[in-house]
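The values are calculated or read from the model by the stated rules, or taken from the named source; none is laboratory data. Predicted model only: the values in this text are computed from it and were never measured. Backbone-built Cβ (ideal geometry, glycine too); neighbour counts: all protein chains shown. The accessibility values were calculated without ligands, DNA or RNA, using every heavy atom of the protein model including side chains. Shrake-Rupley method; radii C 1.70, N 1.55, O 1.52, S 1.80 Å.
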Amino acid sequence: MYSTLAMHIKWMELALAEAEKAYSKGEVPIGAVIVLDDEVIGSGHNLVETLQDPTAHAEMLAIAQAVNAQSSWRLNDARLYVSLEPCPMCFGACHLARISNIIYGADDPRLGACGSKVDLTNLDAMSSPISLEKGILAEQSRALIQQFFKELRAR
């Protein structure tokens, strides 16, 4: 049986694989997977530029895939693994989808909604709080994003 940390690393590696897909497409390399009952029910990576859609964040695409797989918008007991701290839009979608846990890699001091920039986790409207775990494979997540922007600036 996996320890909790080993389990988180296992799923975060899949989120990072999704981030690599975004990177290969010239997208900001953020990836996400949604896990329920030890099975991936949704995955996604940023496609904002590809789709010309500002809502095409990794988390939003993973949620859309997960709700389709479950035939329900309620993702009770599901866990979101994402390489970067969710922004306010994505955190709100997680709340509305009733995702119970968010596990993320790197903090996002520019747009993070889990405490880095703003903290939406303690709002009175949060009828069912989302538990957070941060820093899982954070260095790998951060390095991938930094490499992407370094290359982008060089162009």
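Brief remarks follow.
- Residue list for the range 2-36, restricted to those being open to solvent by less than 10 Å² (accessible area, probe 1.4 Å), farther than 17 Å from Cys94 by Cα and not in a helix (DSSP H, G or I): Glu27, Pro29
- Unmet criterion (only one of (1) buried (at least 19 other Cβ atoms within 10 Å of the Cβ); (2) assigned to a loop (DSSP other than H, G, I, E, B)) for Arg110: (1)
- Residue check for Ser128: free of Cβ contacts under 8 Å to residues at least 60 places away in the same chain and hydroxyl-bearing (Ser, Thr, Tyr): yes
- Subset of the range 113-127 [surrounded by fewer than 11 Cβ atoms within 10 Å (Cβ to Cβ) and acidic (Asp, Glu)]: Asp124
- Among the residues making up the range 54-68, none is in a loop (DSSP other than H, G, I, E, B), open to solvent by 10 Å² or more (accessible area, probe 1.4 Å) and among the hydrophobic types (A, V, I, L, M, F, W, C).
- Hits in the range 72-107 (condition: farther than 19 Å from Leu5 by Cα and part of a loop (DSSP other than H, G, I, E, B)): Ser72, Trp73, Arg74, Leu75, Asn76, Pro86, Cys87, Ala97, Arg98, Ile99
- The one condition in (1) surrounded by 15 or more Cβ atoms within 10 Å (Cβ to Cβ); (2) out of contact with any helix residue (DSSP H, G or I) (no Cβ under 7 Å at 6 or more places or on another chain) that Ile130 fails to fulfil: (2)
- Any pair with Cβ under 7 angstrom, 6 or more apart, that starts in the range 43-56 at a residue that is over 21 Å from Ser141 (Cβ atoms) and ends at one that is at pLDDT 95 or above and open to solvent by 30 Å² or more (accessible area, probe 1.4 Å): Pro54/Val48; Thr55/Met89
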